[in-house]
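Working notes for the structure below.
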Amino acid sequence: MVAGVVILAVSLPVEQMPAAVPSIAIWGWFLASILISTCLRFVLQFRGQQMISAARALVIMCREPVWVLVFALAFLGSPLSLSQILGCAVILLAMLGQVVFRPNSAA
């Protein structure tokens, strides 16, 4: 909310108001994108994380940037920089290291 207020305060003197008010269909799509892609996603994510162990939730959350990069590449065709490739490799190697070098709890 604070970010929204700050952005609004900065944008009012800098940007011009649109000449026409967007149609109801545009507002409907805007609200749907807020409710479906943001609110519903976080509700489902938090509810799912409550049902699993903290360690498993951590592994899932560590994969999120990798999935974002994969989807950006697949759907948007965005080119990969060397730093993005190295970042994905570091994340995947860290998760692999957790699986390979995990201590046995049944000792």
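The values are calculated or read from the model by the stated rules, or taken from the named source; none is laboratory data. Given the structure is predicted, the values throughout are model-derived calculations rather than measurements. For neighbour counting, all protein chains shown are included, and Cβ atoms are generated from backbone atoms with ideal geometry for every residue, glycine included. Ligands, DNA and RNA are stripped out before the accessible areas are found, and what is left, the full protein with its side chains, is counted by its heavy atoms. Shrake-Rupley method; radii C 1.70, N 1.55, O 1.52, S 1.80 Å.
Inspection of the range 3-22 identifies at least one residue that is at pLDDT 85 or above, of a type in the set (Val, Ile, Thr) and open to solvent by 100 Å² or more (accessible area, probe 1.4 Å). Could you list, in sequence order, the residues of the range 49-63 that are surrounded by 11 or more Cβ atoms within 10 Å (Cβ to Cβ), assigned to a helix (DSSP H, G or I) and either more than 13 Å from the chain's Cα centre (by Cα) or not aliphatic (A, V, I, L, M) (or both)? Matches in the range 49-63: Gln49, Arg56, Ala57, Leu58, Val59, Cys62, Arg63.
For the range 64-107, what are the residues that are of a type in the set (Gly, Ala, Ser), open to solvent by 70 Å² or more (accessible area, probe 1.4 Å) and in a helix (DSSP H, G or I)?
Going residue by residue through the range 64-107, those that are of a type in the set (Gly, Ala, Ser) are 72, 74, 77-78, 81, 83, 87, 89, 94, 97, 105-107.
From the residues that got through so far, the ones that are open to solvent by 70 Å² or more (accessible area, probe 1.4 Å) too are 74, 83, 105-107.
Across the range 64-107, the qualifying residues are Ala74, Ser83.
Apart from one condition, Phe46 fits all of (1) surrounded by 10 or more Cβ atoms within 10 Å (Cβ to Cβ); (2) farther than 29 Å from Gly97 by Cβ; the exception is (2).
Can Ala25 be described as assigned to a helix (DSSP H, G or I) and either on the phi > 0 side of the Ramachandran plot or under 18 Å from the mean Cα position of the chain (by Cα) (or both)? Criteria not met by Ala25.
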